[in-house]
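Colleague: Before I ask anything, let me first share the structure, which is written out below as structure tokens.
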């Protein structure tokens, strides 16, 4: 039920205004085939196929925030007075991000170039990274220019995200001023801390999001278990006067501690991890968007957990959109037994899917003694749209239609069997003799009926055609029907008795 609630929470979230502050990085990717070793040295030879540039660091957080759907996204940071800086600025603007950038002639734009090779048609892997950077803290006129941009920017946003990669932007003066200004305005500040940074830099922020190794470095001890992480998160909240801390634990999920005493572990689903690049940025972006968009902090952490899981299954830094998170939650809902729903829940699911542009298919019947004819007709019905609803007659309804000795299989078992089919998205039980009420409430795009019916004999067709829907008669396998199967079983039993 938790996944279902999270899905509803996601759908109801607003689209906040998000300010991203930190170290802006240009990620450059060089793709190619790595199928041989050089004759000159024991190194892999990469035959280049393609080049690509993407926003990285705080710039990546900004593009991830934008992809998650916001009214406004602003990025504040420093770039060099060079071609790489021009490229990064263009990338941000192309994504609809308000780039409030300060150019520093004394340093290059930070660039991380990754060389990614694929051999024998296998999955591509990073084989080398080359960095170009200056990590000296900004000062003087550059730091003043950043503060001048931040002062008005904080007041016009709903949340501030700080992405510290220790490239010089997040100075103690800048962070103290930023946190103080935001606090005075009642605006939360969420921080992804820099590796090796003094923890006091972030004192008083709303939420700190260190990973396992960063937490271990701050506290001077290993974080080997969930209990270790819980204790560490609580210590960070107390020591740094935080509202909350989220410690990310890669395959073990996340731990949330708050200043009110809440202490929760959120596990994650096992994933095929292709590239962890950008996973931390994804967590910060999702936490900021969903928390400032109206989710509780616990729900925001769970949604960020899902988003990060989706991110690590992608190669390189590829933003995740809300629809992907919703689809993942919907899959989990189905796999956790949430295919069996009542009408109220089903109406919510249909409304959500329809809003996403999906085509809804509906069929109904007794489905007593499920057989291959049912399976083929349901698979054909599912192929007509994006979502298949199967409505089954209750036991009482079947007795009224088929007689006192039917159904052979009870409604609960019939529903479970249908829910176990991959082609079925939802199963609902109804007590009436006809599906008219369900059709009027759900208004499916397509009504499908299997069996030896003509279209004009399909019960409920007038309801569906009346609002502009479509009626389809499904395929039939001759000689296969529940009634015929039951009769053959009874005949066989009679012969044995005789």
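Each value in this text was obtained by applying a stated rule to the coordinates, not by laboratory testing. Note that the coordinates shown come from a computational prediction; the quantities given were computed from them, not determined experimentally. Cβ coordinates were reconstructed from backbone atoms using ideal geometry, including for glycine residues, and neighbour counts include every protein chain displayed.
Colleague: Would you mind calculating the gained length between residue 327 and residue 71 on full extension (0.36 nm times residue separation, minus the Cα-Cα distance), in nm to one decimal?
Modeller: Full extension from residue 327 to residue 71 adds 89.9 nm.
Colleague: Helix 297-311: angle to the longest alpha-carbon principal axis of the chain, degrees 0 to 90, nearest 10?
Modeller: 90 degrees
Colleague: Please list, by residue number, everything in the stretch 378-413 whose backbone N is under 19 Å from a paramagnetic label point 7 Å out along Cα→Cβ of residue 455.
Modeller: Residues passing the 19 Å test: 380-385.
Colleague: Got the relative contact order for the chain handy, in percent, Cα pairs under 8 Å and 6 or more residues apart?
Modeller: 12 percent
Colleague: Roughly how many nanometres apart are two label points built 7 Å out from the Cα toward the Cβ at residue 90 and residue 375?
Modeller: 5.6 nm
Colleague: For the chain, find the longest principal axis of its Cα atoms and tell me its angle to the long axis of helix 140-155, 0 to 90°, nearest 10.
Modeller: 30 degrees
Colleague: Please give the peptides 174-181, 33-40 ranked by average Cβ packing (other Cβ atoms within 10 Å per residue), highest first, as a rough proxy for protection.
Modeller: 174-181, 33-40
Colleague: Something else: With both bridge residues required to lie in the chain, what share of the DSSP beta bridges run antiparallel, to the nearest 5%?
Modeller: In the chain, approximately 35 percent of DSSP beta bridges are antiparallel ones.
Colleague: After finding the eigenvalues of the alpha carbon gyration tensor for the stretch 142-247, what semi-axes result from the square roots of 5 times each, listed largest first in whole Å?
Modeller: Output for the stretch 142-247: semi-axes of 26, 15, 10 Å.
Colleague: Kindly express, to the nearest 10 degrees and within the range 0 to 90, the angle between helix 226-240's C-alpha long axis and the longest C-alpha principal axis of the chain.
Modeller: 50 degrees
Colleague: Ok, one more. Taking R0 as 35 Å, what's the FRET efficiency between residue 358 and residue 203 from their Cβ-Cβ distance, rounded to 0.05?
Modeller: That pair, residue 358 with residue 203, gives E of 0.15.
Colleague: According to the square roots a ≥ b ≥ c of the eigenvalues of the Cα gyration tensor, what is the shape class of the stretch 345-404, taking rounded for a/c under 1.5, prolate for a/b larger than b/c otherwise, and oblate for the remainder?
Modeller: oblate
Colleague: How would you rank 106-112, 6-12, highest first, on the average number of other Cβ atoms within 10 Å across their residues?
Modeller: Descending mean neighbour count gives 106-112, 6-12.
Colleague: Here is a further query. Between residue 128 and residue 405, take the C-beta separation as r, use R0 = 56 Å, and let me know the FRET efficiency to the nearest 0.05.
Modeller: 0.15
Colleague: How big is the Kirkwood radius of the stretch 166-310, worked out from every pair of different alpha carbons and given in Å to one decimal?
Modeller: 15.3 Å
Colleague: How do 196-208, 150-162 rank on mean C-beta neighbours within 10 Å, highest first?
Modeller: 150-162, 196-208
Colleague: Computed from the coordinates I sent, volume of the Cα convex hull per residue in Å³ equals one of (i) 146; (ii) 166; (iii) 218. Tell me the label.
Modeller: Checking each listed value against the structure points to (iii).
Colleague: Mind jotting down the distance between the C-alpha centroids of the stretch 202-237 and the stretch 336-362, whole Å?
Modeller: Between the Cα centre of the stretch 336-362 and that of the stretch 202-237, the gap is 40 Å.
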